[in-house]
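Report on the following structure.
The values are calculated or read from the model by the stated rules, or taken from the named source; none is laboratory data. No experiment lies behind these values; they were computed from the predicted model shown. Note that we place each Cβ from the backbone using ideal geometry, even for glycine, and neighbour counts take in every protein chain shown. All accessible areas refer to the heavy atoms of the entire protein, side chains included, with ligands and DNA or RNA removed. Shrake-Rupley method; radii C 1.70, N 1.55, O 1.52, S 1.80 Å.
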Amino acid sequence: MTVGRVVRGAVGVAVLLVVAEIAGRTGLMDTQIMPLASTVLAGAAGLAVDSEFLHDASATVEVWAEGLLVATLLAVPAGVLLGSLPKVEIGLRPLIEFLRPIPSIALIPLVTLIMATGGAVKVTIVVYAACWPVLVNTMYGLHDVDPVARETMRAFGFGRLAVLLRVALPSAAPFVLTGVRLAASVALVVAISAELLSGGEGGIGVYIIKAGSGYRIDLMLAATVWAGLIGLVVNALLVRAERGLFRWHAARAGVAQ
């Protein structure tokens, strides 16, 4: 991300906040329902040193990280297998397309009946939602392998495993990381949504519920701001890793465009 894009994004957010502040102070917006932007930002700053909120935020990050890790460990090998074996992919593709659109949140009642603890329920829901972007991108990456490079390796007598390890997996790696990046955002959304619906002992979603029960809309929005910031930081770190590790892929994509 260039400095110019960051500045333009910051200016856009600043304009939105100023408009919301003016709307609240001039009476265009009921501050009992939608607090002033300055009030929300002050609340968000206060949450940074609130031990209760920090405990809840760490609980959400723990569920998010655990679910994303398990999803990646499951989806990458499955994607490599399906992407390498077209007949198996054709056989399982209808099942994948059937399961993929099912909202993971809709599975909470079923998973709650199966799982004993709330933490396991949330992680399971996150794994279900996060595995699809990783799986599909891994499969797509295997399909995008340069056929000339693959056939050249075979012409020199390399077997399927050697072609997979030396050509297919390195070529598919950028797509896998893109899938993980997409899954990271999905996992965070689902983790907080699961906390909002299933409750539990901690989490940003649980904090929002508690703030709502006390009619502290400013704290509800402040916690939401932190959820957005966590997602923004995670995405920025993964984009940076993507560009640092796979510069050659970005250059090739640029040539293709």
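With the contact rule set at Cα under 8 Å and sequence spacing of 6 or more, what percent relative contact order holds for the chain? Don't jump to the answer; show the numbers that get you there.
Values: 266 pairs, mean separation 63.4, N = 257.
Taking the mean separation of contacting Cα pairs over the length of the chain, I get 25 percent.
Kirkwood radius and radius of gyration were both taken over the C-alpha atoms of the chain, and their ratio Rg/Rh is 1.06. Here the 3J(HN,Hα) profile of the range 61-70, calculated from phi with Karplus coefficients 6.51, -1.76 and 1.60 at θ = phi - 60°, is 4, 5, 4, 4, 5, 5, x, 5, 5, 5 Hz, Gly and Pro shown as x. Each label was represented as a point 7 Å from its Cα along the Cα-to-Cβ direction; for Val15 and Leu81 these points are 5.0 nm apart. Note on Asp218: accessible area approximately 30 square angstrom, rounded to 10, probe 1.4 Å, nucleic acids and ligands left out.
Using a Gaussian network model of the chain in which every pair of alpha carbons under 10 angstrom is joined by a spring, one finds that among Val206, Val234, Val49 the greatest mean-square fluctuation is at Val49. Would you mind checking the tilt of helix 217-245 against the longest principal axis of the Cα atoms of the chain, expressed as 0 to 90 degrees and rounded to 10? Computed tilt is about 30 degrees.
Working from label points 7 Å from Cα in the Cα-to-Cβ sense, the Thr224 to Leu41 distance is 1.8 nm.
If you build a Gaussian network model of the chain, linking Cα atoms that sit under 10 Å apart, which residue out of Ala23, Ala14, Ala173 swings the most? Result: Ala14 has the largest fluctuation of those listed.
About the Cα centre of the range 5-77, what is the dipole size in debye to 20, counting +1 per Lys and Arg Cβ and -1 per Asp and Glu Cβ, all else neutral?
On the way: 3 positive and 7 negative charges, 102 e Å.
For this selection, approximately 480 debye.
For the range 116-225, the solvent-accessible area with a 1.4 angstrom probe is 44 square angstrom per residue. Coupling constants for the range 132-149 follow from the phi torsions by the Karplus curve (6.51 cos²θ - 1.76 cosθ + 1.60, θ = phi - 60°), and in residue order they are 5, x, 5, 4, 5, 5, 5, 4, 4, x, 5, 6, 8, 4, 4, x, 5, 5 Hz; glycine and proline get x. The modelled label-to-label distance between Tyr215 and Val239, using points 7 Å beyond Cα along the C-beta direction, is 4.1 nm. Ranking Met220, Met153 from most to least accessible surface, computed with a 1.4 Å probe over the protein chains only, gives Met220, Met153. Here the range 72-116 and the range 2-61 have alpha carbon centers that stand 37 Å from each other.
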